[in-house]
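Notes follow once the structure below has been shown.
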Amino acid sequence: MTRSRFILPALLLGLLLPGAHAGAQSLTPAGTVITNQAQAEFLSPDTNQPMVSVSNVVQTTVSAVCALSVTPDGTVAQPGQSAALLPGEAATFVYKIVNAGNATSTFGVSARTEAGGTSTPGLKLVLDLNGNGIADANEPEISSVTLDADKSADVLLLVDAISAGDAFVNLVAGCAGGQSDSNNVSVVKISPPPELAVSKSFSPALLRPGSETTVTVKTTNGGKGQSREVILTDILTEQLAQGLTFVAGSASSNVGTLEYTADGVDWVAAPAAVVRGVRVRVPSLAPGADLTLTFRMRADASAENKIIPNTATALTGKTTVMDTAKVDVRYLPAVAIGPEGNPEAPEGSAADRQSRALAVVGQPVCFDHTAKNTGDVKDAFTLSVSYPTGGASATFYGQDGQPLAQPLPLDAGQSAPVRVCYSAAQTGPLDALITIKGDRGTSNATADAVQSVESGLPELVKSYVATAKDGGATVTLPAGATVAAGDTITYRLMVRNPYSRPLTGVVVSDKLTAHLDFVSATDGGLSTGSEGAQTVNWTLGTLAPNETRVLTVVTSVSARVVDGEALKNIFQMVSTQTPDSLNSNEVMTPVWTAKLAVLKDVNAPEVTPGDRLTYTLTVTNKSATTSIIDAQINDTPAKGLSYIPGSSKLDGQPIADPQITGGVLTWAVAELKAGVPITLAYDTRVTPDALGELVNTVTVSGVGAGGVARAIASNRAVATVKLKLLNFAPLSDILGLVYVDRNRDGRYQEGLDAPLPRARVLLAGGRQTLTDVGGRYSFANVANGTQALRLDPLTTPYPPLHVPRDGGLSGTQTVFVNGLTGVDFPLAPLGGEVSALRRTTLTAGDVTLEKAVYAVDGGYVVTLKLTTPRALEGVDLRDPLPVGGTLKEGRNSVAANLPAGETNLTYRFAWTGEPRAATTDPTLSWRE
C-alpha cells in the first residue's frame, strides 16, 4: 500500500482561518504577497523508497481587515464595572480598545446610557495617555481613536452623578460601516444625597475676661442618604489673636476621632502647647445622625471689649457647610448708692432721699449712705456733690471715720459705708445730689436735703463765783482774786437755742481741771471719772426754739493745786445739728499765796566822783512749789550813777547788760526757782552829776510757772550811798579805754571787743601814759576846759575807727573836761581780723531786731539789739544756738514785757563746727 502526506505552509493556514480569536494570533498585515508551493511525500511503489513531488508555485495578496475588541465586557443584566456615588460625585470607568484588524484603523467611540436605569448622569470620554486610570488635565476628550494593527488604547468613561438612582452606562466602539463592540455596560448606583447642617454656639456668649466659655459645634445629616467621611473643623487662629485661648484637655466629641493643629495645616492626635484648631472625623454620617464637638476657651485680658466671631465648617465629599457664632468679652460694671443699708434704692425715688429739718451755717450736717459695686468687675469710684438748691462744702468719710480716700476701690458685689458731711455756706433750704462714678463709666446718684439752714451758733456762757472760809463764815471773793486749796468755785453754765427749729440730741459736758474736785450739779448733771480727771455731763435732749437752760456745778479747790497755777475752765455742747463740739468762754481763777523777798546791798557807804560802786541784789521766790518765770528786775539808780557796761553778774556768772530805758536798768531772768535765792551784782561809776544821797530803788516782778498772765509777785528794796563832797578845785580826771572795736559800733563790749595793752596816749602839754593789760589809761589832775588827746599810732597796728571830720590828726580826740571825764579810743579791726560772720536784721512794722555774730578766741560772741518806739507786752525773743553749741556767758532769749527804746543782749557760746554754720536766725514775737 502506498502512503502519501501533503504539507501546507502555515501562512496559508492563517489565511484559511480568518475567524481566529483576536489577540491569540495576529492577522497578516494587509498587502502582504503570499507565495506558496505544495509538496507531496510518498513511497514509491516500485522501490518502496520515499519520494517527493512538488506542485507549481501560487502567489496570493492579503486584503485589509477592520476588527476591534473593547474590554471589559458587560451587559445590563451583568455589568462589567460598577460604582456607588452620591449626587455631585464622579466615577471613572477604564476601558481598553484593541485594534484586532490587520491594518491601521480609526474607531468611533461614544458613551451612552442604556435603558433600564432611573438616573441620567453626565458622560464624557477621555483618552488616558499615561495609562494611570485618571483623567489628567492634558488628556483630551475624544469621540474616536486611531490605532495601528495589534495596538491598544485606554479610554476613560467619566460619569458625573446628578440625581439619585441607578444608571447603566456603556462605551461603544466600532469600525466605520463595519464591526462594532457595544457589550461594555457598567452600572452607577447613585444614592440619595446627605444634607449636612452646622450649628455653633458659645455658652456663655457674654464672657468676662479671665473666664471660660464652652464652644459647641454640631453637624447633623438631615438628608435621606448616608454621607461620605465627615470632618467637623473649628479653626481658632483669629480667636487666639484677639485673646481667646483653647483650654487644654477640654475637647470632646460624641463619636469620631479628635485631631488638633498647631499651624492650621498639619493635624495630629495629641494637642500641642498652642492649639490653633480642633476637628473631629467620622467615616460617614447616617441620615438623622449628628456629630458634636465641644471644647472650652478662656478669655484673656486682651480680649476685653471685643466681640469675637468664630466659624466652624463641616465637610463631606465636595460639600462644605458652616456656621458662625460670636462671643462678647466684656465686664458688666454697675454701681449703686443710697441711704445706709439700701444702696440699690431706685434712683430718684422717695426711698433714695434723706432729709433733716435743721442745719447750722458752718456746722456739719451728716448723712450716712452705702455705696455698692453692683457690677461683675472690680472698679474704682469717685464721689462728687452738686447742689440743685443752696450751697455747701462737703466732706466724705469712710468706715474708719477718716476722710474718704478717692477713688474708692470696690470688688464686684462689695459695699462700703460713706458718710457725707455738709458745711452749709448760706441760709435757706439745701438740696444735695451725691453722684458716684466708676472708672468704667457707670454712675448712680442719691439725694440729701436739709429743710432749713440757719446762721449763728447756740449761746454758751460760763461764769463763776469763788468763795472761801474766813473763820466760820463763807466769804465771796472778788472777781479775779486768787484762790487757795479748800475754796469753793461754783460755775454757772447757760445754753440758749437761737434757732426757729428745735435742737435735738443736746449734750453738755464740763471737764474739770485736774485740781478741782466735783461737789454737786443741778439738772441731773452726773460726774464721771476719778478725782483729778472728772467730767460733768448733762443729757438735755431737745431745746425748743429760743429756749434757755441754766446749769450749775459746784467744785472745790483741791489740795493738789500749786502756786502760780491758773484754774481754767470751759464747758462744751454738742447736738444733732451742731456735731462739732462748741466751746463756751473760758473762765480762769489764779492760785497763789507766796511772796517775793528782795534785798539790796552796796559795797561802800560813801563815795566821791569817779568811784566805782557795786550793788548786789538778792531775790528769793518764797513759794514752796512753783517757779516764777520771765521775772524782771528793775533798778532805778540815782542821778550821777552811770552803769558800767559788762559788769552784770548773776550768781557770780556774767550775764547780758540790762536794758536801759529812762534811766531804769532792767534785767530779764528766765526763772526764779521755788525757795532758791539768786544774786544779781552790777557796777556803777559816780559821775560829777552826783548830788547828796544816792538812793537806788529795785523792784522785782514775774508770773507763776502755771501760766497766770499777770504779775503774781513783786517786792521793793532801797540802797542809799552818801556822796562825800570834795573841796573846790579846778582840776578833773580823764580816764578811758583803748580797744579793738570788732563790731565797729563805737561801744566797748566785754568778751567781744579786744582791750589793747601798752598803747601810748598823749595829752596836750606833753603828758603821756601807757594802757594796762585791760586797755585802760587815766590822767589825774587835768585842768577843766578843752583838752586834746592823741593815740600814738606807733604803739598800735590798728587804725582809729573814726577819722576826725575837721581834718585833724587821725587818732586825736578833743574833749571838754569837767570832773571825771571819759575818753575811749575805739580802733578798727584789720581786714583779716574782721570777725563779724553774719549780720541779720529783722523788721516787723516799727520794731527792729539786729543780730551780729563774731568769732573770738574760744568761740563766738553774739550781739542782739532790739529797737522799739513803744512798749511791747509778752515779748518772746529767742536766738537758738547751732546744734551742738554750748552757751558760756549771757542769755540768748528774753521773755518779758519791754519798754520803748533799745534792748541789748550779748552772749558767748562755744562751738567746734564749720564757722559758716555757726549762725542761726532769731525769732521774735509779742502780744498786741
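The values are calculated or read from the model by the stated rules, or taken from the named source; none is laboratory data. Since the structure is predicted, the reported quantities are computational estimates derived from the model, not experimental observations. Glycine also receives a Cβ, built like all others from the backbone with ideal geometry; neighbour counts cover every protein chain displayed.
From the list Arg279, Arg228, which residue is in a strand (DSSP E or B) and of a type outside the set (A, V, I, L, M)?
On inspection, the qualifying residue turns out to be Arg279.
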| query | Restricting attention to the stretch 884-898, and to residues there that are assigned to a loop (DSSP other than H, G, I, E, B) and surrounded by 17 or more Cβ atoms within 10 Å (Cβ to Cβ), which single residue is nearest to the chain's Cα centre (by Cα)? | reply | Gly885
| query | Are any of the residues in the stretch 630-644 at positive phi and more than 60 Å from the chain's Cα centre (by Cα)? | reply | yes
| request: Tell me, please, whether a residue that is touching a Cys at 6+ places or on another chain (Cβ under 9 Å) and among the small types (Gly, Ala, Ser) can be found in the stretch 76-85. | output: no
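Here is a yes/no grid of residues against (1) of a type outside the set (Gly, Ala, Ser); (2) out of contact with any Asp or Glu (no Cβ under 7 Å at 6 or more places or on another chain); (3) assigned by TED's automatic domain parsing to the domain that holds Ile629; (4) at negative phi:
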site	(1), (2), (3), (4)
Ala566	no, yes, no, yes
Ser575	no, yes, no, yes
Pro579	yes, yes, no, yes
Asn583	yes, yes, no, yes
Lys600	yes, yes, yes, yes
Pro605	yes, yes, yes, yes
Thr608	yes, yes, yes, yes
| query | without any contact (Cβ under 8 Å) to a residue 60 or more places away in the chain, in contact with a Phe, Trp or Tyr (Cβ under 7 Å, 6 or more places away or on another chain), among the hydroxyl-bearing types (Ser, Thr, Tyr) and in the same structural domain as Ala173 (by TED's automatic domain parsing) - does that describe any residue in the stretch 104-113? | reply | yes
| Residues located in the stretch 494-513, provided they are over 28 Å from Thr427 (Cα atoms) and touching a Ser or Thr at 6+ places or on another chain (Cβ under 8 Å) | Ser509, Asp510, Lys511, Leu512
| task | For residues that are at pLDDT 90 or above and within 21 Å of Arg685 (Cα to Cα), tally how many sit in the stretch 634-658. | result | 15
| field | All positions within the stretch 130-147 that are under 15 Å from Thr92 (Cβ atoms) and loosely packed, with under 13 Cβ neighbours inside 10 Å | value | Asn130, Gly131, Asn132, Gly133, Ile134, Asp136, Ala137, Glu141
| note | Taking the stretch 243-273 and the residues there that are surrounded by 17 or more Cβ atoms within 10 Å (Cβ to Cβ) and under 42 Å from the mean Cα position of the chain (by Cα), the one that is nearest to Thr216 (Cα to Cα) would be Ser250
| said: Please count how many residues of the stretch 644-680 are polar (S, T, N, Q), crowded, with 17+ Cβ neighbours inside 10 Å and in contact with an Asp or Glu (Cβ under 7 Å, 6 or more places away or on another chain). | reply: 2
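Table: residues versus (1) of a type in the set (A, V, I, L, M, F, W, C); (2) more than 22 Å from Leu433 (Cβ to Cβ).
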site: Gln363; (1), (2): no, no
site: Phe367; (1), (2): yes, no
site: Val377; (1), (2): yes, yes
site: Ala380; (1), (2): yes, no
site: Thr389; (1), (2): no, no
site: Ser393; (1), (2): no, no
site: Leu404; (1), (2): yes, no
site: Ala412; (1), (2): yes, yes
| message | Within the stretch 719-771, take every residue that is exposed (fewer than 14 other Cβ atoms within 10 Å of the Cβ) and of a type in the set (Gly, Ala, Ser) and give me the one that is modelled with the lowest pLDDT. | response | Ala729
| remark: Counting only residues in the stretch 428-477 that are among the acidic types (Asp, Glu) and under 30 Å from Pro364 (Cα atoms), the one surrounded by the most Cβ atoms within 10 Å (Cβ to Cβ) is identified as Asp448
| message | Given the criteria surrounded by 11 or more Cβ atoms within 10 Å (Cβ to Cβ), at pLDDT 75 or above and either not in a loop (DSSP other than H, G, I, E, B) or not assigned by TED's automatic domain parsing to the domain that holds Tyr95 (or both), does Ala20 qualify? | response | no
| said: Cβ contacts < 7 Å: first residue touching a residue at least 60 places away in the same chain (Cβ under 8 Å) and not assigned by TED's automatic domain parsing to the domain that holds Thr578, restricted to the stretch 347-361; second residue part of a strand (DSSP E or B) and among the β-branched types (Val, Ile, Thr), any location; separation 6+ or different chain. Result? | reply: Asp352/Thr446; Arg356/Val365; Arg356/Val450; Ala359/Val365; Ala359/Val450; Ala359/Val453; Val361/Val453
| request: Kindly indicate the residue of the stretch 908-925 that is in contact with a Lys or Arg (Cβ under 8 Å, 6 or more places away or on another chain) and more than 16 Å from Thr840 (Cα to Cα) and also surrounded by the fewest Cβ atoms within 10 Å (Cβ to Cβ) among those meeting that condition. | output: Ala910
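Could you please find all residues in the stretch 577-602 being in a loop (DSSP other than H, G, I, E, B), of a type outside the set (Ser, Thr, Tyr) and either modelled with pLDDT of 85 or more or in contact with a Phe, Trp or Tyr (Cβ under 7 Å, 6 or more places away or on another chain) (or both)?
Step one: filter the stretch 577-602 for residues in a loop (DSSP other than H, G, I, E, B), giving 577-581, 584-586, 592-595.
If we keep only those that are of a type outside the set (Ser, Thr, Tyr) too, we end up with 577, 579-580, 585-586, 592, 594-595.
The answer is Gln577, Pro579, Asp580, Asn585, Glu586.
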| remark: The residue from Gly480, Gly525, Gly532, Gly505 that alone is surrounded by fewer than 17 Cβ atoms within 10 Å (Cβ to Cβ), of a type in the set (Gly, Ala, Ser) and closer than 27 Å to Thr578 by Cβ is Gly505
| Exactly one of (1) touching a strand residue (DSSP E or B) at 6+ places or on another chain (Cβ under 6 Å); (2) in contact (Cβ under 8 Å) with a residue 60 or more places away in the chain; (3) under 30 Å from Glu547 (Cα atoms); (4) among the hydroxyl-bearing types (Ser, Thr, Tyr) is unmet by Thr482. Its number? | (3)
| query | assigned to a strand (DSSP E or B), modelled with pLDDT of 95 or more and under 30 Å from Met494 (Cβ atoms) - does that describe any residue in the stretch 400-419? | reply | no
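For the stretch 209-223, does any single residue satisfy the condition of being among the polar types (S, T, N, Q), part of a loop (DSSP other than H, G, I, E, B) and crowded, with 16+ Cβ neighbours inside 10 Å?
The answer is no, given that none of the residues of the stretch 209-223 is among the polar types (S, T, N, Q), part of a loop (DSSP other than H, G, I, E, B) and crowded, with 16+ Cβ neighbours inside 10 Å.
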| said: Cβ-Cβ under 6 Å, sequence separation 6+ or interchain: first residue in the stretch 659-686 and among the basic types (Lys, Arg), partner part of a strand (DSSP E or B). Which pairs? | reply: Arg685/Arg612; Arg685/Ser642
